[in-house]
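Below you'll find the structure, written out as structure tokens, and then a few comments.
The values are calculated or read from the model by the stated rules, or taken from the named source; none is laboratory data. These figures come from a predicted structure and were not determined experimentally. All Cβ positions, glycine included, derive from the backbone under ideal geometry; neighbour counts span all protein chains shown. Ligands, DNA and RNA are excluded from the accessible area calculation, which covers all protein heavy atoms including side chains. Shrake-Rupley method; radii C 1.70, N 1.55, O 1.52, S 1.80 Å.
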Amino acid sequence: MVEIFIQGGPVMIPLLLLSLIGLAVFLERFWYLMRTRTNTEELLEEVHLALEQERLLEAVQITKRHRGPVAAVLAVAVANYDRPTRELRDQLEHAGQDEVYKMERRLDWLETIAALAPLLGLLGTVTGIMDTFQVLSGMQGVTDPAAMAGGIAEALITTATGLVIAIPTLFVHNWLSGMIDRRVQEMNRAVSEVLEVHSYRGVA
């Protein structure tokens, strides 16, 4: 691996950095999403029942027992449950935006890496071909395939490395985005249920 890295030339250094950053971002986001997951169905059912019976203290305790964006939004709903529906809706909207930001934090790095890695690989291809042509121009008619091997190897290695980094990075970006989209749907459902229960109180 070290020999291949050296043959890839200087472009391999930023490619290596991109791969390390991408791996770190993926692990951190995956850990965050796993740590904040909860049983949404159970949480909604418990909070819904507590709010219907206007047992706000119990609803607060329920939200504190759970983690994740749905629990956070419901906690805001309970804390502002005595406000008019319009104000409650505004508070829930702001809380939802904050939770979406927390989930999507640094996710754009993966998208950037997936786009940048193939371009760096292409740059390595160009520099490798340039080295090959320099060798050819200096050979003056002498054909020595071994002399051109360095530039060709650099071109192929950097291209392959860029694609090897970009493909899995794009996959995990889309996978994490799908997880976040499902969390957002769960938050929207929680907000709708809270507002529905709240509207029965007759507060405009």
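Taking 0.36 nm per residue of sequence separation and removing the Cα-Cα distance, the ASN39/HIS94 pair yields an extension gain of 17.5 nm.
Compute the Kirkwood hydrodynamic radius of segment 1-121, taking the inverse of the mean of 1/r over all pairs of distinct Cα atoms, and give it in Å to one decimal. It works out to 17.5 Å. Counted residue by residue at 0.36 nm each, then reduced by the alpha carbon distance between them, the extension gain from MET179 to GLU3 reaches 59.5 nm. In this rough spin-label picture, where each label sits 7 Å from Cα along the Cβ direction, the ARG55-ILE129 distance is 7.2 nm. At an R0 of 25 angstrom, the distance between the Cβ atoms of ASP82 and GLU28 translates into a FRET efficiency of 0.10.
Take the Cα pairs of segment 1-70, get the Kirkwood Rh, then feed it into Stokes-Einstein at 4 °C and 1.567 mPa s and tell me D in µm²/s. Reported coefficient: 82 µm²/s. Across all Cα pairs in segment 93-134, the calculated P(r) in 10 Å bins from zero up to the longest distance comes to 25, 25, 20, 15, 10, 5, 0 percent per bin.
I'd like the carbon and sulfur percentage of the solvent accessible area for segment 1-54, probe radius 1.4 Å, heavy atoms only, ligands and nucleic acids excluded.
67
Would you report the distance distribution of C-alpha pairs in segment 34-86 as whole percents per 10 angstrom bin, up to the bin with the largest distance? Result, from short to long distances: 26, 57, 15, 1 percent. A Förster radius of 22 Å combined with the Cβ-Cβ distance from LYS102 to LEU20 puts the calculated FRET efficiency at roughly 0.40.
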